[in-house]
Amino acid sequence: MLRICVEKWDKYKDRLKKALKNDETLNSCNYKYLVELLVIHVLNTDGDKWNQSSITEIDDGDYQGTLLYLIPKDCYQPSEYEYLMTYAGYGSCDCCDTLQEIQSYFDTKPTEDQINDYMSLCKDLLTNIINPYNSGWRYEERFATVDNSEN
């Protein structure tokens, strides 16, 4: 997990939880929507700006697979080191797909149990974030990987 993600999760997870509680479209959303919410409510804080409307989703699966998300810095033309990347594994039904299981049988505002499950899924998406080109002259300590086994 990136150092910056650990710090921002600890500081802003309640802000995300409040947004999830008030979101009446959550039970019909997709993984990209959750990544966008993470960017808005957790990553775009303390002066950081990532472009949630320009997130790229890569899906080379069929009924199951891995979704990759590229999150660009909110600037004119992001360079290679101004991207974050995360992923989510998905399945074909509510037995093998985390998001589908959370959304099962609910079409309205999420329940408290669902909010807790959404928060857990969002934390997984956040812990998967990397900055793939944080090396050499581009290196920034805040994008360093840290051991997060205690969280």
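Tabulated results
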item	result
Qualifying positions in the range 110-142 - within 16 Å of Leu16 (Cβ to Cβ) and free of Cβ contacts under 8 Å to residues at least 40 places away in the same chain	Glu112, Asn116, Asp117, Ser120, Asp124
Unique residue being buried (at least 19 other Cβ atoms within 10 Å of the Cβ), closer than 22 Å to Pro132 by Cβ and touching a residue at least 40 places away in the same chain (Cβ under 8 Å) when the list is Val6, Val35	Val35
Hits in the range 60-76 - residues which are free of Cβ contacts under 8 Å to residues at least 24 places away in the same chain and either in contact with a Cys (Cβ under 9 Å, 6 or more places away or on another chain) or surrounded by 14 or more Cβ atoms within 10 Å (Cβ to Cβ) (or both)	Leu68, Leu70, Pro72
Residue in the range 91-121 that is farthest from the chain's Cα centre (by Cα), counting only those that are of a type in the set (Asp, Glu) and within 25 Å of Asp59 (Cβ to Cβ)	Asp107
Hey, Gln77 more than 14 Å from Lys32 (Cα to Cα) and of a type outside the set (Asp, Glu) or not	yes
From Ser92, Ser28, Ser79, Ser53, residue being surrounded by fewer than 16 Cβ atoms within 10 Å (Cβ to Cβ) and touching a residue at least 60 places away in the same chain (Cβ under 8 Å)	Ser28
Hey, Ser135 of a type in the set (Gly, Ala, Ser), within 24 Å of Ile55 (Cβ to Cβ) and surrounded by fewer than 18 Cβ atoms within 10 Å (Cβ to Cβ) or not	yes
Boolean, Ile102 is crowded, with 17+ Cβ neighbours inside 10 Å and modelled with pLDDT of 95 or more	no
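Okay, residues lined up against (1) modelled with pLDDT of 95 or more; (2) within 21 Å of Thr111 (Cα to Cα); (3) of a type in the set (A, V, I, L, M):
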site	(1), (2), (3)
Arg15	yes, yes, no
Leu26	no, yes, yes
Asn30	yes, yes, no
Val39	yes, no, yes
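The values are calculated or read from the model by the stated rules, or taken from the named source; none is laboratory data. Because the structure is a prediction, the values reported are computed rather than measured. Note: ideal-geometry Cβ built from the backbone for every residue, glycine included; neighbour counts use all protein chains shown.
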